[in-house]
Amino acid sequence: MARSIPTSISEKGKKTSVQDSFKALKTIPRFFKEIYRSSPTLFFINSLSRLFNAFTPVVILWVGKMIIDEIIKQVFATDKDFTQLWKYVLIEFAAAILSDLLGRVINLTDGLLGDLYSNASSEKIIRKTAELTIAQLEEPEFYDKLERARTQTNSRVDLMSNALGQAESMISMVSLIAGLVYFEPILILILIVSIIPSFINEAKFSSTRYSLARSWTSERRELDYLRFIGANNQTAKEIKLFGLTDFIAERFKNLSSDYYLINKKLSLRQSFYGSLFNILGVLSYYGAYVYIILRVLSGGITIGELTFLSGSFNRLRTNLQGFFSRFTRISESALYLQDYFDFIDLKIEKTSELKTEMPKIIKEGFVLNDVHFAYPGSENEVLKGVSFKMKAGEKMAFVGQNGAGKTTLIKLFLRFYEPTQGEILLDGININKFDVDEYRNRFGVIFQDFFKYEFTLRENIAVGNIYEVENDEVINYAASKSLAEQVVSEMTDGLEQRLGRRFYKGTELSGGQWQKVALARAYMKDADIMVLDEPTSALDAQAEFDVFERFIALTKGKTSIIISHRFSTVRMADRILVLQHGKVLELGTHQDLMADPKLYAELFALQAAGYQ
């Protein structure tokens, strides 16, 4: 079925108005506080340089006027004295040099401040993302917010330069306006007529551009995703094998073309109206220029004053155009800045304000009472009244067909989600009453879809307890437990070997090697509760049996949850929980479940037949 693509901004959602752009300016003070915190010293140097540089234009123009008037005076003087003239030339030369030096200091500190702020804001986004719950992280709306916050780093850096430049420009314009008012106040009115219409036009289109970018956030994320899967080594094998190039390229082409056409329409309209208002500005400028010439010819002002007024008017017009242009860019960037602060200010979902101290030693274990769960936005329950007890120190295996709720149950144990009904107790206390970080710190976990960090082998193992990243004894011990010491011995640089192909001298591991490394993470800390969610699927049956046999021996006395589709492994558990359609179907030892044939016995027999 062909996908329906919106052809206008209005089809995508609420349009951002000019008023919205102005409202977003309230974020600027908070923005400057963040810039200042990035480097108070650089911020002070930048601000002071801009303050001094703001006065150099009017000083140069005024001294230029004095030079011309002095030249004309000396031309008609009988007793010529050029001393004053050369003083004026020297002052103008010094002002020009100072202006250049200040400009370079401003550019330098702008760049350094921009880099520091970009780094600081990116770090904030990373830390904020870590604070959010898994439920928030899996919402499409969240990804749109994250995309807008993450991808507008350059916009925020440009906003910094524009906002600081705006302050400098305002001081400069005040000094130039004072000069015009002193000689010819009517020029200010002409100037306003030439600039205001263009400013209104720019403000209108800046909010429209933002509306387009915001409304197409999801599609732009999809375009980035298509770029990624269409051109990287991780997907190259399947792309080639299944002949997906044309499919992905066409999908990218169609989506990008739709975005291009809407953007093109907006750009053409902006250029057309911008040209009309610019013509009005040019006419106003030359009208003012003619007026100044007529005033000179009538003897109202001197030749020096002519150069000062024409130079001031031209400079002021350029400054005003730049001021209003920057203002529209600032108001547009402020909308993106608002997105950034909206993301940073996202509320963290609190499951309970009560904090109960975690038991130092788990004595009783876990009890689940009538636990129901449906993922946010879905009406279909994944778990439907699950109740059972897992004793302290017990090894329990979760078994069931795909979609039965095994991994979801683990997510609830780890408090990635909260039950929609029912409760989970640890030693008789609802787990929501414990501090979430303190609670999770008692778990050693390895998931089936563990992430392969393209860090060093040392860092990949230390992910399980990153504070011990420099502790060779702990890392080597964890590697020996998971059989990853074999992987370490095969690497040219041992623990310092970089993994993956993304970076220089990186080495890719096999699926089995990666899983041994990932298993080592679970052993990195002396956790009370171990969770293995199909972490050995890339190992052959014998290797998996050896890993789990070793795991059972090494975790004696620890509470453990195991998910595996291989029943030779599952039968090692003390008890086996069989889930079907989100409900507990069976619970008992391997012998118990085989003695009363139901789903477990059926699945065991089917798998056993495959090995005969």
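The C-beta contact set for region 326-344 (first residue within 12 Å of Lys26 (Cβ to Cβ), second residue part of a helix (DSSP H, G or I) and at pLDDT 75 or above, distance under 6 angstrom, 6+ apart or interchain) comprises Ala334/Thr27; Leu337/Thr27; Leu337/Phe31; Gln338/Thr27; Phe341/Thr27. Considering each residue of region 51-61 in turn, at least one proves to be assigned to a loop (DSSP other than H, G, I, E, B) and more than 29 Å from Lys124 (Cα to Cα). Do we have any residue at all in region 446-463 that's closer than 16 Å to Ser482 by Cβ, polar (S, T, N, Q), in contact (Cβ under 8 Å) with a residue 60 or more places away in the chain and part of a helix (DSSP H, G or I)? Checking region 446-463: at least one residue is closer than 16 Å to Ser482 by Cβ, polar (S, T, N, Q), in contact (Cβ under 8 Å) with a residue 60 or more places away in the chain and part of a helix (DSSP H, G or I). Among the conditions (1) at pLDDT 85 or above; (2) of a type outside the set (Phe, Trp, Tyr); (3) surrounded by 15 or more Cβ atoms within 10 Å (Cβ to Cβ), Ala543 misses just one, which is (1). If the condition is being among the small types (Gly, Ala, Ser) and either on the phi < 0 side of the Ramachandran plot or surrounded by 16 or more Cβ atoms within 10 Å (Cβ to Cβ) (or both), then region 457-501 contributes Ala462, Gly464, Ala478, Ala479, Ser480, Ser482, Ala484, Ser489, Gly500. Among the residues making up region 267-291, those that are among the hydrophobic types (A, V, I, L, M, F, W, C) and modelled with pLDDT of 75 or more are Leu268, Phe272, Val290.
This table checks each residue for (1) touching a residue at least 24 places away in the same chain (Cβ under 8 Å); (2) under 30 Å from Asp345 (Cβ atoms).
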| position | (1), (2) |
| --- | --- |
| Phe32 | yes, yes |
| Asn46 | yes, yes |
| Trp86 | no, no |
| Ile106 | yes, no |
| Ser121 | yes, yes |
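Being at pLDDT 80 or above and touching a helix residue (DSSP H, G or I) at 6+ places or on another chain (Cβ under 7 Å): is that true of Val570 here? So Val570 does not fit the description; no. Just one of the listed residues (Leu532, Leu495) is in contact (Cβ under 8 Å) with a residue 12 or more places away in the chain, over 27 Å from the mean Cα position of the chain (by Cα) and not in a helix (DSSP H, G or I), and it is Leu532.
With respect to the stated conditions, Thr129 is under 47 Å from the mean Cα position of the chain (by Cα) and either in the same structural domain as Arg50 (by TED's automatic domain parsing) or not acidic (Asp, Glu) (or both). Filtered by the rule that a residue be closer than 30 Å to Phe343 by Cβ and of a type in the set (Lys, Arg), region 89-126 gives a lone residue, Lys124. Taking the criterion of being at pLDDT 85 or above and either in a helix (DSSP H, G or I) or crowded, with 16+ Cβ neighbours inside 10 Å (or both), the residues of region 502-515 that qualify are Leu509, Gln513, Trp514.
The values are calculated or read from the model by the stated rules, or taken from the named source; none is laboratory data. Quantities reported herein were computed from a predicted structural model and do not represent experimental measurements. Neighbour counts are summed over all protein chains in view; Cβ atoms, including those assigned to glycine, are modelled from backbone coordinates with ideal geometry.
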